[in-house]
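J.: For reference, the structure I am asking about is given below.
Values in this text are rule-based calculations from the coordinates and carry no lab data. Quick caveat: nothing in here was measured; it's all calculated off a predicted structure. Positions of Cβ are backbone-derived with ideal geometry, glycine not excepted, and every protein chain shown enters the neighbour counts.
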């Protein structure tokens, strides 16, 4: 069985409303091209404001699923018959904020959300100022295109959550990010293909593009891609241009690869206790 999937990497337009409108257009374009599932980039309707620490950016938060953007994306998913993974800045309560992705099925039903688990706090990535660590574990969502998991940006440096998604049944994992040029460029094509290999699932990963000059000389390098369960990159976007990337994912490869490499059978959880000690 083949599933047509889409990713979109975009540049900051300068305001939230136009970012949302841009993504709605890309969703429509993807659906017209046959896409059945699509993931948007991390914090899709805003800039990556974590380069600075400023309380004004708390204003980008919304309730999930009761906020206006989730409702709009439910309508958009229903209209086009497409599964959507929608990363947003979530307000769970007064002063309680998360970096979150909502998952919406092709009929517009809200299926649930994943909250970013690992929160960095280093120069240029002051995320603990904005987000609490996720507390929902590693849910896998049973969608119209199969079992979908989500991991977000800095999470990708941690193999434990990627494995947990596989153990929870994920067949495809989407990893939206906002990462600028520098050391992470070397890791970009290694870590996420390694997750695909180690867990025998498809990975679709996104990075934004362009320069958000209000936060300094950052430069986002795009290079969004799909990797198959053997870790082969089957489609990749530009490192500088806004782009909609679509690919046909052979979901039968998940079973084929897992039957070949018996990583799940040969695990030794009885030997892994030190991994969960602080």
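J.: What single numbered condition from (1) farther than 18 Å from residue 204 by Cβ; (2) not in a strand (DSSP E or B) fails to hold for residue 112?
T.: Single failed check for residue 112: (2).
J.: Which condition number in (1) closer than 30 Å to residue 32 by Cα; (2) in contact with a helix residue (DSSP H, G or I) (Cβ under 9 Å, 6 or more places away or on another chain) is the one that residue 193 fails?
T.: Just one mismatch for residue 193, condition (2).
J.: Also, quick follow-up: Where residues in segment 115-142 are in a strand (DSSP E or B) and more than 16 Å from the chain's Cα centre (by Cα), which of them is nearest to residue 167 (Cα to Cα)?
T.: Here is the first cut: in segment 115-142, the residues in a strand (DSSP E or B) are 115, 121-122, 125-126, 140-142.
Then drop every residue that is not more than 16 Å from the chain's Cα centre (by Cα), which leaves 121-122, 125-126, 142.
Working: 121: 29, 122: 31, 125: 30, 126: 31, 142: 14 Å.
Restricting to residues being in a strand (DSSP E or B) and more than 16 Å from the chain's Cα centre (by Cα), the top hit is 142.
J.: Going through segment 94-109 one residue at a time, which ones are more than 19 Å from the chain's Cα centre (by Cα) and assigned to a strand (DSSP E or B)?
T.: Hit for segment 94-109 is 96, nothing else.
J.: Count, please, the residues in segment 66-93 that happen to be assigned to a loop (DSSP other than H, G, I, E, B) and surrounded by 20 or more Cβ atoms within 10 Å (Cβ to Cβ). Let's see the steps before the verdict.
T.: Applying the first criterion (assigned to a loop (DSSP other than H, G, I, E, B)) to segment 66-93 yields 66-67, 81-82.
Now narrow it down to the ones that are surrounded by 20 or more Cβ atoms within 10 Å (Cβ to Cβ): 82.
So the answer is 1.
J.: Somewhere in segment 49-57, is a residue under 20 Å from residue 104 (Cβ atoms) and surrounded by 15 or more Cβ atoms within 10 Å (Cβ to Cβ)? Working first, answer last.
T.: So the first thing to find is which residues in segment 49-57 are under 20 Å from residue 104 (Cβ atoms), and the list is none.
For segment 49-57, residues under 20 Å from residue 104 (Cβ atoms) and surrounded by 15 or more Cβ atoms within 10 Å (Cβ to Cβ): absent.
J.: Can residue 159 be described as more than 14 Å from the chain's Cα centre (by Cα) and surrounded by 24 or more Cβ atoms within 10 Å (Cβ to Cβ)? Walk me through how you get there before you give the answer.
T.: Values: more than 14 Å from the chain's Cα centre (by Cα): yes; surrounded by 24 or more Cβ atoms within 10 Å (Cβ to Cβ): no.
When the stated conditions are applied, residue 159 does not pass them.
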